1. Considering only region 57-64, I want to know if a residue exists there that is over 19 Å from residue 175 (Cβ atoms), assigned to a helix (DSSP H, G or I) and in contact with a strand residue (DSSP E or B) (Cβ under 6 Å, 6 or more places away or on another chain).
2. For residue 160, indicate whether it is in the same structural domain as residue 99 (by TED's automatic domain parsing), surrounded by 15 or more Cβ atoms within 10 Å (Cβ to Cβ) and at negative phi.
3. Using the structure shown, decide if residue 134 is in a loop (DSSP other than H, G, I, E, B), at pLDDT below 90 and outside the structural domain of residue 202 (by TED's automatic domain parsing).
4. Scan 139, 127, 147 and give me the residue that is touching a strand residue (DSSP E or B) at 6+ places or on another chain (Cβ under 9 Å), closer than 23 Å to residue 86 by Cβ and surrounded by 20 or more Cβ atoms within 10 Å (Cβ to Cβ).
5. Identify, please: which residue in region 9-51 is surrounded by 10 or more Cβ atoms within 10 Å (Cβ to Cβ) and part of a loop (DSSP other than H, G, I, E, B) and is, among those, modelled with the highest pLDDT?
6. How about region 163-180: which of its residues are surrounded by 12 or more Cβ atoms within 10 Å (Cβ to Cβ) and without any contact (Cβ under 8 Å) to a residue 24 or more places away in the chain?
7. Taking interchain pairs and intrachain pairs at least six residues apart, which have beta carbon atoms under 6 angstrom, with the first residue in region 128-151 and without any contact (Cβ under 8 Å) to a residue 12 or more places away in the chain and the second in a helix (DSSP H, G or I) and surrounded by 20 or more Cβ atoms within 10 Å (Cβ to Cβ)?
8. Quick check, is residue 111 closer than 23 Å to residue 194 by Cα and surrounded by 17 or more Cβ atoms within 10 Å (Cβ to Cβ)?
């Protein structure tokens, strides 16, 4: 704006006012049209569009390729605080993978991962393979790894900073209970497989099954 108006960076208002009149302003002012509301536009390159926060964010943030585990962490049925924690874990910001493996070994049969080797890379690979699906098993798998990692991290902090320890069985029960509570709040399309899965979680199918109507 200073360049278009032919102003110097050192100019002040007093430098531009002469005999009470604003001068030395060499810029075309827009013509105001009565009956029309103002609107904010956002210009990106040669594209002009109405301003929105998402448009502004997309234009200024660093664009990187999507990581293969994105859908494993962020999905509509996730528990946000657990998903955020899992995101940190996937970014190698937390040192709890070894402990998670021990807990995972206790809950993997319940989550349907009986044949998955108890290795962090194998678990991630298995969950990511079905991360784009909306099936019951896919949702449970993604919920399971997020909830387990969150409670393991919480247990680690309690041991380090509060000198509090929960027995492994109690920790496992709390993880499974949290997953069950979340499943009770979701809707799944009715099928024989889903009904069997719900029964294994002791969930009444009438509460969470969608008959497609």
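1. In the first step, residues of region 57-64 are kept if they are over 19 Å from residue 175 (Cβ atoms); the result is 57-64.
Those left that are additionally assigned to a helix (DSSP H, G or I): 57-60.
If we keep only those that are in contact with a strand residue (DSSP E or B) (Cβ under 6 Å, 6 or more places away or on another chain) too, we end up with 59.
Looking through region 57-64, at least one residue is over 19 Å from residue 175 (Cβ atoms), assigned to a helix (DSSP H, G or I) and in contact with a strand residue (DSSP E or B) (Cβ under 6 Å, 6 or more places away or on another chain).
2. Against the criterion (in the same structural domain as residue 99 (by TED's automatic domain parsing), surrounded by 15 or more Cβ atoms within 10 Å (Cβ to Cβ) and at negative phi), residue 160 does not qualify.
3. Working: in a loop (DSSP other than H, G, I, E, B): yes; at pLDDT below 90: yes; outside the structural domain of residue 202 (by TED's automatic domain parsing): no.
Against the criterion (in a loop (DSSP other than H, G, I, E, B), at pLDDT below 90 and outside the structural domain of residue 202 (by TED's automatic domain parsing)), residue 134 does not qualify.
4. On the way: 127 fails: touching a strand residue (DSSP E or B) at 6+ places or on another chain (Cβ under 9 Å); 147 fails: touching a strand residue (DSSP E or B) at 6+ places or on another chain (Cβ under 9 Å).
Exactly one residue qualifies, and that residue is 139.
5. Filtering region 9-51 down to residues surrounded by 10 or more Cβ atoms within 10 Å (Cβ to Cβ) leaves 11, 15-18, 23-25, 27, 42-44, 49, 51.
Right, trim to part of a loop (DSSP other than H, G, I, E, B) and you get 11, 23-25, 27, 51.
Numbers: 11: 70, 23: 63, 24: 56, 25: 57, 27: 55, 51: 88.
Looking at the filtered set, the residue picked out is 51.
6. Within region 163-180, the subset surrounded by 12 or more Cβ atoms within 10 Å (Cβ to Cβ) is 166, 168, 171-176, 178-180.
Across region 163-180, the qualifying residues are 166, 173, 174, 180.
7. These pairs meet every condition: 130/138.
8. Details: closer than 23 Å to residue 194 by Cα: yes; surrounded by 17 or more Cβ atoms within 10 Å (Cβ to Cβ): yes.
Yes, satisfied.
The values are calculated or read from the model by the stated rules, or taken from the named source; none is laboratory data. What you are looking at is a predicted structure, and each value in this text was computed from that prediction instead of being measured. Cβ: placed from backbone, ideal geometry, glycine included. Neighbour counts: every protein chain shown.
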